[in-house]
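Student: Structure in structure tokens, see below.
The values are calculated or read from the model by the stated rules, or taken from the named source; none is laboratory data. Please read all numbers here as calculations on a predicted model, not as lab measurements. Ideal geometry is used to build each Cβ from the backbone, glycine not excepted, and the neighbour counts take in all protein chains shown. The area values use the complete protein model at the heavy-atom level, side chains included, leaving out ligands, DNA and RNA. Shrake-Rupley method; radii C 1.70, N 1.55, O 1.52, S 1.80 Å.
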Amino acid sequence: MKPVKLRDAHEEFKKYLKDKKHSNSTVIAYGKDIDQLVSFLETLRKNQAHETTKEDIEAFLAKMTKEGYTPKSVSRKINSTRTFYRFLKINEYVTDDPSLLVSHPVYKLAPPRILNPTEYRALRDAARNDPRMFAVIELLLQTGIRIGELANLRLPDIQKDSLKIRPFEKHEERLVPLNKRASEALNNYLKVRPKNTTDDHVFITKSGRPFLIRNIRTAVERYFRLAEIKDAKLNDLRHTFVAHHLKHGASLVVLSKVLGHKRLSTTERYLQYVTEREKESLTLTEL
């Protein structure tokens, strides 16, 4: 075993996550969780990685609960801690992993928010006079792609009846079909897309710079408010895409490939939120 200070191990851990090509959001979330853990352990005068016990971690989680963190958030902190200790073991900084002795709190996953036809039509109407945002909303709703994949789209990725989705945050490259609604919205935006740039991102700002994920999210949420759609988030457009196509009989295998799910079970879990399902079809419909 090689002794290491928790603070030093924390910095190495963040670099390890980046080298393993974890998403920026994962690196930030795990980094923050472990920073909180290390800070707590320091109050116990435990500065070396091998000094931590099961009781120390449980005391940390109890403190998080007392401070108002939900069971789901506490569970995520356990996952972060286990990933951290797995890293410590790989590097021979510890011989035992106390995090494996800590139990996850019991909680129920909230069902996905699925927009009804009245809601997503109102969202369309709210963005009708903004070609860029109308295209963003239509693509998310009609293709089910992730926000990061949409932000990463390049002009050469637009094909006649499909989009090439580049590898993104451990997700493999794939082709996603473009239906008539999505194609029309995208073409209308491209006609007014700023020309004062050499950047080939599909969605750009007025100054010709890439339209960033955080700005896309903020803009979509603004249109949710304008459309008076309550308690909705950008990812709900993807949830709506999945639910709509399952309801209309889309093949689970086809849908899973379009969505870029690594496991068919990820797609299957949506079935519990679909009350009726038509006969299975290989064709994807429009919303």
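Student: Using a simple spin-label model with points 7 Å from Cα along the Cα→Cβ vector, what separation in nm is obtained for Ser265 and Glu228?
Tutor: 4.3
Student: Where in the range 196-218 does the label zone of Ile158 land, with the point 7 angstrom along Cα→C-beta and an amide N cut-off under 11 Å?
Tutor: Label zone hits: 201-204.
Student: Moving to a separate point now. Residue by residue through the range 18-30, what is 3J(HN,Hα) from phi via Karplus (6.51 cos²θ - 1.76 cosθ + 1.60, θ = phi - 60°)? Round to whole Hz and write x for glycine and proline.
Tutor: 3J(HN,Hα) across the range 18-30, in whole Hz: 5, 5, 7, 6, 5, 5, 4, 5, 5, 4, 5, 5, 5.
Student: Solvent-accessible area per residue for the chain at a 1.4 Å probe radius, Å²?
Tutor: 56
Student: So, one more: Whose amide H sits under 5 Å from the amide H of Ile204, counting only residues 5 or more places off or on another chain, with H placed in the peptide plane?
Tutor: Counting only residues 5 or more places away or on other chains, the set is Phe211.
Student: I would also like to ask the following. Give the residues of the range 1-26 whose amide nitrogen is closer than 18 Å to a point set 7 Å from the Cα of His50 in the direction of its Cβ.
Tutor: Counting only backbone N, you get 1-10.
Student: For the range 66-73, in order, what is each residue's ³J(HN,Hα) by Karplus, 6.51 cos²θ - 1.76 cosθ + 1.60 with θ = phi - 60°, in whole Hz (x at glycine and Pro)?
Tutor: Rounded to whole hertz, the list is 5, 7, x, 5, 6, x, 5, 5.
Student: Do any trypsin sites (Lys or Arg not before Pro) in the range 191-287 lie in a DSSP loop with no more than 14 other beta carbon atoms within 10 Å, and if so, which?
Tutor: Here the sparse-neighbourhood loop sites are Lys195, Lys206, Lys230, Lys233, Lys262, Arg263, Arg277, Lys279.
Student: What are the GluC sites (Glu not before Pro) within the range 129-178 that DSSP puts in a loop, where the Cβ has at most 12 other Cβ atoms within 10 Å?
Tutor: Glu172, Glu173
Student: For Lys206, which lysines qualify as cross-link partners when the Cα separation must be under 30 Å and same-chain residues fewer than eight apart are set aside?
Tutor: Lys160, Lys164, Lys180, Lys191, Lys195, Lys230, Lys233
Student: I've got another one for you. Note down the relative contact order for the range 1-140 as a percent, whole number, built from C-alpha pairs under 8 angstrom at least six residues apart.
Tutor: 25 percent.
Student: While we're here: Efficiency by 1/(1 + (r/R0)^6): what FRET value for Ser25 and Lys279, r their Cβ-Cβ distance, R0 = 35 Å, to the nearest 0.05?
Tutor: Working from the Cβ atoms, E equals 0.35.
Student: Still on this structure, please answer the following. Of all the accessible heavy-atom surface of the chain, with the other protein chains kept in place and a 1.4 Å probe, what percent is carbon and sulfur?
Tutor: 50
Student: If I model a spin label as a point 7 Å beyond the Cα along the Cα-Cβ vector, how far apart are those points for Glu173 and Arg82 in nm?
Tutor: 3.4
Student: What number of lysine-lysine pairs in the range 51-109 show an alpha-carbon separation below 21 angstrom, given a sequence spacing of 8 or more or placement on distinct chains?
Tutor: For the range 51-109, qualifying lysine pairs total 12.
Student: If you stretched the chain out fully between Arg214 and Lys63, how much longer would it get, using 0.36 nm times the residue separation minus the C-alpha to C-alpha distance?
Tutor: So the extension gain works out to 51.3 nm.
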